[in-house]
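A quick write-up on the structure given underneath.
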Amino acid sequence: MTDVSLEIPRRLNDSPRMFWWDIDVSLLVLAAALAGMISGFFVSGCAVGVLLASAYGRAKAGKHPAFALHLLYWHMPAAVTGLKRTPPSYLRELVG
């Protein structure tokens with residue numbers, strides 16, 4: 001029984017992917033392409049998106065899968081992240 005349509009994934013806990021990129025890296029390309037399309041420079045927007053995605057992909061290599069969420073927590077204000085049960089990121093020393 002060699003049915004090619006019944007492929008079993010090798011790793012079930014992989015993050016979602018779009019083509020060969022992780023979803024967060026591909027969203028950078030799509031956002032830059034959309035910004036380029038709105039401003040009238042679609043090809044330039046795509047090029048900038050690919051450059052941003054490759055830089056972010058290199059920065060993310062070998063780190064935790066939720067690296068983007070960690071960056072948002074440390075560099076965005078608490079009102080933007082919407083986290084209620086975590087301490088603000090500017091409090092670097094915790095008591096306890």
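Among the numbered conditions (1) at pLDDT 85 or above; (2) touching a strand residue (DSSP E or B) at 6+ places or on another chain (Cβ under 8 Å), the only one that residue 15 does not meet is (1). When restricted to residues that are among the hydroxyl-bearing types (Ser, Thr, Tyr) and either touching a residue at least 24 places away in the same chain (Cβ under 8 Å) or loosely packed, with under 14 Cβ neighbours inside 10 Å (or both), the range 54-69 contains 1. Hey, does the range 70-93 have a residue that's part of a helix (DSSP H, G or I), open to solvent by less than 90 Å² (accessible area, probe 1.4 Å) and in contact (Cβ under 8 Å) with a residue 24 or more places away in the chain? No, the range 70-93 has no match at all. Screening the range 18-53 for residues that are modelled with pLDDT under 85 and under 12 Å from the mean Cα position of the chain (by Cα) and picking the one that is surrounded by the fewest Cβ atoms within 10 Å (Cβ to Cβ) gives 23. The residue that is most open to solvent (accessible area, probe 1.4 Å), among those in the range 7-17 that are without any contact (Cβ under 8 Å) to a residue 24 or more places away in the chain and either within 17 Å of residue 67 (Cβ to Cβ) or among the charged types (D, E, K, R) (or both), is 10.
The values are calculated or read from the model by the stated rules, or taken from the named source; none is laboratory data. All of these numbers come straight from a predicted model, not from anything done at the bench. Don't worry about glycine lacking a Cβ; one is built from the backbone with ideal geometry, like all the others, and counts go over all protein chains shown. Areas reflect the complete protein model, heavy atoms only, side chains present, ligands, DNA and RNA absent. Shrake-Rupley method; radii C 1.70, N 1.55, O 1.52, S 1.80 Å.
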